[in-house]
1. Summing +1 for each Lys or Arg and -1 for each Asp or Glu, what net charge is found among the other residues whose Cβ lies under 13 Å from the Cβ of residue B:300?
2. Compute a Gaussian network model of chain A, connecting alpha carbons closer than 10 Å, and tell me which residue from A:22, A:236, A:42 fluctuates the most.
3. How much length would be gained if the chain were fully extended between residue B:273 and residue B:309, taking 0.36 nm per residue of separation minus their Cα-Cα distance, in nm to one decimal?
4. What's log10 of I(q)/I(0) for region B:105-157 at q = 0.20 Å⁻¹, Debye sum over Cα points only, no solvent?
5. Give me Rg/Rg_expected for region B:246-361, where Rg uses Cα atoms only and Rg_expected = 2.2 N^0.38 Å with N residues.
6. Of all DSSP beta bridges located in chain B, what percent are antiparallel, nearest 5?
7. Give me the number: length gained by fully extending residue A:72 to residue A:155, i.e. 0.36 nm times residue separation minus the C-alpha to C-alpha distance, one decimal in nm.
8. Express in % the proportion of alpha carbon pairs of chain B at distances exceeding 35 Å.
Amino acid sequence: MATAAEIEKQTEAREIRNRWFLSAPALIIILLAASGPLLIVLLYSFLTPGPYGDVQWTFSTEGWVSVFLERDIFDDTLSFASAHLTIFWRSLKLALMATAATLIFGFPTAYFIATRPERTRDIWLFLITIPFWTNLLIRTFAVLQVIRNEGIINTALINLGITDQPIQMLYTDFAIMVGMVYVYLPLMVLPLYASMEKLDFRLVEAGYDLYATRWQVLKRIIFPMVRPGVIAGSILVFIPAIGAYVTPSVLGGGKNMMFANLIELQFGQGRNWPLGAALSITVMAIVMVALLVYVRNTSGSEARHG
Amino acid sequence: MPDTPGKNAIEVRGVRKVFGTGEAQVAALDTVSVSIRENEFFTLLGPSGCGKTTLLRLIAGFDFPSEGEIMLYGEDIAPLPPFKRPVNTVFQSYALFPHMTVAENIGFGLEMLGKPRAEIDARVAEMLKLVRMEKLAKRRTSQISGGQQQRVALARALAPQPKVLLLDEPLSALDYKLRKEMQIELKRLQHETGITFIFVTHDQEEALTMSDRIAVMSSGKILQVGSPRDIYDRPAERFVADFIGETNFLDARIDGIDGSKAKVTLKSGATISATLPDGFKPDGEATVVIRPEHAKAVKGDGDISGVVENVVYFGTDTHVHIRLDDGETFTVRQQNARGAGTSFERGERVGIVIGDDAAQILKD
């Protein structure tokens, strides 16, 4: 009996060793590529800025204080950093609006593709992914070309006599939104399509048969069943949207900054790495809280059904 | 009931349904007309691709006819969307909503009709009782068995009290024993609710045992409508005779007609009396069908004669395959009685006695 127990112990030990060995690559990547840099950023946020960028190894909470508060350069009093708050608010608002807009445009698109005959669906999906072939910067400049004052839209509007002044679209929040919706739409369409493709359209027929109108079928049958796709798509759009850098800097001009631009400013011209680091962690916290609230609310009603 | 013409619940008038366009056009239904009476169990029977499901979908409103009218109690419903028709469907796949409980599924139709909560709850409870599923009301549809899902699908379709219930091969996914049970269950439900049932199946036995009337379909056409007995005993067309049950086909010449009967001479020279189908245009030649159990093999002389080729024992009865003198084969089915009964040997010469009223002439 004792030998059997011993053998079992040995096997168990070997299994544990194997487990660590096999998961080592994943652990190394998580430690080096994800947690490591994050810890450095966290560390930097509690240090003092160096005169030419970089950090000095003295502990300071000044970086965190200046995320939300502003120190008057003359009398050292603190007041709300309204510029930061404006940027926070704009980022959050634009990211939410872009998510909503991609959902509104993406839902019918995905539904359209999912209801095509099987052999033509791939062609439609292929068309959706074509923009991915081009660099993000170039796509953003393409949007700029379309909406600028001398761009296609304004030229057309003026030539048609609808307006005699070009409508200022570029360098506004609207421009950033358009750019983000254009860039992130496939990220919404693809997960939506994936869950719609699995949708049993006989259930849609059953809904119609049981006196549900088109709107009720959408609300009560299609939407609950593709909810995983809606959640996945929204997360995939919201996260890059709130951290968007290229789009706001090209289409928003200098004054319509978003989070990423502000962070870049601190690490670049601002030479305030601790503030930049603190801002980065703030964004992460906001994204995490937003996702938690969102996922809990959207999957909550699912759980209530059973 | 089948023979007393009542009010018509559904009247299908000259309905054509064409799928595809141009060269690839296929007529799934080719000018079909049929009347379905109030409170009857009406079956659309035919092989797959005969258009029976297409006809059902047109009545449900999932597809729209290319031509023709579908009247529900005198009102043309063909252009209405499914949610405006007082008609419900039991789907072949059941199509239960997986994100809802059994009770929520059953109450869905009433909810969509905007009924008050109390009424919905009362009706759902009533339906759960009707299909004997009270205990599983709170279950998700994925947590119940196939037979139970079938009952929920039935209850869901019956809950809004439709004028007509459409059933699209609802029993095909069940195993044999459960199917038998559900056949009886369906008949009971139809009887208790008094709702007109239109049942689609490719299973002739199911059709014969359950229906008040059957419409046999093939290649987008309705070939014959009648009671199970009519369809079985008096098949009007070769397809009907062949599709339902086993039949002996014999070539014959018509010698004379007397009312609904005709004197025919079979190829073997024997002369028998056979029933004419409605709307028959005599042109001398005809095909006569005789069901195997409507004929009897005897030692000695009969109406026709031949040599026993094979004897197959089936328990309740025995099939005797006989090679007729003209080269055709003929099957006779004899019931097996204890002790008594004639037994036949292979190669034995036998006579076949064709019962009165056993022979039926086909239209085609």
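The values are calculated or read from the model by the stated rules, or taken from the named source; none is laboratory data. Please read all numbers here as calculations on a predicted model, not as lab measurements. Neighbour counts run over all protein chains shown; Cβ positions are idealised from the backbone, glycine included. Note: accessible area is taken over every heavy atom of the protein model, side chains too, but ligands, DNA and RNA are not part of it. Shrake-Rupley method; radii C 1.70, N 1.55, O 1.52, S 1.80 Å.
1. 0
2. A:22
3. 10.3 nm
4. Once normalised to I(0) and log-transformed, intensities are -0.64.
5. Cα Rg divided by the expected 2.2 N^0.38 Å: 1.09.
6. 75 percent
7. 25.2 nm
8. Result: 38 percent of Cα pairs exceed 35 Å.
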